[in-house]
Amino acid sequence: MPAVIDWKACDGCGASPEPPCVRVCPGDVVVKDFARGRSRLREPGECWDCYACVKVCPRNAIQVALPYALARRNGYLHLVEHSDRGVVWEIRWPDGTVQRVRRPAHVETFEEPERVAPDVYSGDGI
Ligand code: SF4
Ligand code: SF4
């Protein structure tokens, strides 16, 4: 199910011409609506459900609609916390029940790979 931007919570990231949700979307699905000062999904059907925009929004303004088979209508997955301690998701079920789930974070750091000089051949025909 596609991401859903809560326009009450989204402030368009102020004057930013390219808010984090727009920058991170791999399918260029999120666009900033400058007339309204908010972001929106250009075409919800093209959303890949990758949740990247959900995790980068500084105002937790983006949620994901749960599949109909799971929650019928009006069930949402909402990000509460995203830190090196993990991700806390809040599930809002259609009957008003709220459930929180913490998932551990997998943080990996990569060192800059050693730069190797290109092979130098001696000119012996090899
Ligand atoms: S990152 Fe969040 S607050 Fe900023 S424009 Fe996108 S949805 Fe709105
Ligand atoms: S969930 Fe992924 S594909 Fe869908 S709008 Fe957000 S960043 Fe784009």
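Before moving on, here are some points about what is shown:
- Extension gain for R23 to K8 (0.36 nm times residue separation, less C-alpha to C-alpha distance): 3.3 nm.
- Projected label distance in nm at E43 and Y68, using a 7 Å step from Cα toward the beta-carbon: 2.2
- Simple spin-label estimate for V88 and S16 gives 2.2 nm between the two label positions (7 Å along the Cα-to-Cβ direction from each Cα).
- Built amide H within the under 5 Å cut-off of D33, gap 5+: R38, S39, R40
- Segment V31-D95, extension gain: residue separation times 0.36 nm, minus the distance between their alpha carbons: 19.9 nm
Quick note: the coordinates plus some simple rules give every number you see, no bench work behind them. Computed from a predicted model, the values in this text were never measured in an experiment. Glycine also receives a Cβ, built like all others from the backbone with ideal geometry; neighbour counts cover every protein chain displayed.
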